[in-house]
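Worksheet: one structure, shown below.
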Amino acid sequence: MAKQTVTLKVNGADHTAEIDQRLLLVHFIRENLALTGTHIGCDTTHCGACTVILDGKAVKSCTVFTVQADGKEILTIEGMTTNGKLHPLQEGFMEEHGLQCGFCTPGMIMSSYALLQENKNPTEEEIRWGISGNLCRCTGYMNIVKAVQYAAQKG
Amino acid sequence: MIPGSFEYHHPGSLDEAIALLSSLGDDAKVLSGGQSLIPMMKLRLAEPAHLIDINGLTDLEYIKESDGYLTIGALTREADLDRSDVIGKKYAVIHDTAHVIADPQVRNLATIGGNLAHGDPANDHPATMLALRAEVVATGPNGPRTIPIDDFFIGPLTTALAPNEILTELRIPAPTQGSGGAYLKLERKVGDFAIAGVAAVVTLDGSGNCTLAGIGLTNVGPTPLRATAAEKFLLGKPLSDDNIAEGGRMAGEASQPTSDHRGSAEYKRAMVKEMTIRALKKAKARAEGEQ
Ligand SMILES: Cc1cc2nc3c(=O)[nH]c(=O)nc-3n(C[C@H](O)[C@H](O)[C@H](O)COP(=O)(O)OP(=O)(O)OC[C@H]3O[C@@H](n4cnc5c(N)ncnc54)[C@H](O)[C@@H]3O)c2cc1C
Ligand code: FES
Ligand code: FES
């Protein structure tokens, strides 16, 4: 089985590991780094629960090989909090009841983060388009949209 | 789901990538955005022994206008096509297409080259490239060659690319004055593949007669299809409602849909007809200067 040593910067810290070349990024994040905030929902590139930020762009980590991310930077939900202080998006999801079971939430937050990086003041339509790669089976999306609006207002 | 084992290659140049493909033969697959290939590998529908990741070849990511052509590098991402000013202003049909492919995360990685090289009649770019009469540039050990889009799609998931060739560029003839195009896609939900899709491109002369018509169809046949009879019918005629309706009828007849979970063959054919009519109307309005 083909092995390779990779170094990824995850949430600001370098991690070097010898891995199987076929290891998916989501498994590296969850199993090698024990960062289990990134979820696996569908495992077929549809639900977005596995969304992380790879070199500034939102991607579905169940559909990227870890070797492709060698030398790159990754941000996961665990990296959103700074010095114990919640990110405005995390606060927004809490304040606006943007979650029920919470399974989709890390992916929703990472997609919304990518959206707000590009567009500080999105319309409701733009928010819905921005999270169109993320499925939520609980909330009906209304409060997720409000949570993103809350974060956009807080800047 | 865990894909089968493979050996990963990360060439730093196009020559190196082609040399690898030539020496590894059928056991190797090119990895671009991976948004079709990786799902297939996870389902073990594809089990390549070697993956040749060409994402390091960043000089294949570009959108340029030169010598009467729009050229797009094969590694250009859907998200970049969606954002591009040139495409938005002068090639609305390509913008329409990239905008409705998959979802934001997938569009960040998926490439136009992969979308065509995959040869999937469900993918959206093929119909648009048929309508635009694009050329595909394939580069192999003997250098680049140009393949007219009509010769590119050979069968389901099969293209004219040789196993040791890499799709490197799309070449689209620049539109002349009085041209416009539109892509319409009927889908069950945002991000799904098309139930049916229609790309229409027209050029009108000073008196409003159609001097060029291109109509491509998505996901209604074993390959992406060109509605040849409808194109021929429209040539030389004004795009009146009656002529557009007849073009739509002919495009519906040219489609070869099968019944599946997205709908019956009859329904899809009716949708091709109606969407061709709408796409032609939108293309005409854009040719007349509407954005
Ligand atoms: C959830 C989801 C929804 C989707 N919805 C749509 C949709 O609505 N419309 C749509 O059009 N597509 C859709 N796609 C497909 C997506 O656009 C694919 O990414 C695209 O079809 C393939 O591009 P890629 O760069 O990811 O190619 P890859 O997956 O990397 O490769 C696909 C195939 O092409 C070959 N290949 C790739 N690049 C080259 C090259 N330069 N030269 C030679 N061979 C090459 C590979 O070897 C492989 O066989 C969807 C995908 C997903 C996961
Ligand atoms: S787990 Fe990756 S998209 Fe669903
Ligand atoms: S909160 Fe349960 S899936 Fe979104």
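The values are calculated or read from the model by the stated rules, or taken from the named source; none is laboratory data. Remember, predicted model here, so these are calculated numbers, not experimental data. Glycine also receives a Cβ, built like all others from the backbone with ideal geometry; neighbour counts cover every protein chain displayed. Ligands, DNA and RNA are excluded from the accessible area calculation, which covers all protein heavy atoms including side chains. Shrake-Rupley method; radii C 1.70, N 1.55, O 1.52, S 1.80 Å.
Below, the figures for the structure above:
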item: Contour excess over end-to-end distance, with Cα ends at residue B:44 and residue B:258 and 0.36 nm allotted per residue; result: 74.5 nm
item: Ordering of B:43-54, A:96-107 by burial proxy (mean other Cβ atoms within 10 Å per residue, highest first); result: A:96-107, B:43-54
item: Debye log10 I(q)/I(0) for region A:1-137, one point scatterer per Cα, at q = 0.14 Å⁻¹; result: -0.62
item: Cβ-based net charge around residue A:87, under 13 Å, with every Lys or Arg adding one and every Asp or Glu removing one; result: -1
item: About the Cα centre, charge dipole magnitude for region B:120-236 (Lys/Arg +1, Asp/Glu -1 at Cβ), debye; result: 160
item: Total formal charge among the other residues, if their Cβ is under 12 angstrom from that of residue B:12, Lys/Arg +1 and Asp/Glu -1; result: -4
item: Directionally averaged projected area (convex hull, Cα atoms, region B:239-291), nm²; result: 4.0
item: With eigenvalues of the C-alpha gyration tensor scaled by 5 and rooted, region B:179-286, Å; result: 25, 13, 10
item: Chain B: most fluctuating residue of B:84, B:240, B:23 per GNM, C-alpha cutoff 10 Å; result: B:23
item: Potential lengthening between residue B:285 and residue B:55 on full extension [0.36 nm per residue; Cα-Cα distance subtracted]; result: 78.9 nm
item: Cα-derived Rg to Rh of the protein assembly as shown, Kirkwood definition; result: 0.99
item: Sites residue B:205 and residue B:62, calculated FRET efficiency, Cβ-Cβ separation with R0 22 Å, nearest 0.05; result: 0.10
item: Ellipticity estimate at 222 nm from DSSP helix runs (n ≥ 4, -39,500 (n - 2.57)) divided over chain A, nearest 500; result: -8000 deg cm²/dmol
item: Region B:136-191-region A:15-34 distance, computed between alpha-carbon centres (Å); result: 36
item: Extended-chain gain in nm, criterion 0.36 nm per residue less alpha-carbon gap, residue B:157 and residue B:278; result: 40.7 nm
item: Where a label projected 7 Å from the Cα of residue B:150 along Cα→Cβ would reach, residues of region B:199-223 with amide N under 14 Å; result: B:213-216
item: Most mobile listed residue (B:251, B:122, B:19) in chain B, GNM with C-alpha springs under 10 Å; result: B:19
item: Lys/Arg +1, Asp/Glu -1 at C-beta; the protein assembly as shown dipole; positive extreme among B:141, B:209, B:111; result: B:209
item: With every protein chain in place, region A:88-154: carbon and sulfur % of accessible area (1.4 Å); result: 51
item: For the pair B and A, total buried accessible area rounded to nearest 100 Å², probe 1.4 Å; result: 2500
item: Candidates B:100, B:86, B:137: whichever shows maximal mean-square fluctuation once chain B is modelled as a Gaussian network with Cα springs under 10 Å; result: B:86
item: Computed P(r) (all Cα pairs; region A:97-139; 5 Å bins; percent); result: 6, 25, 31, 23, 12, 3
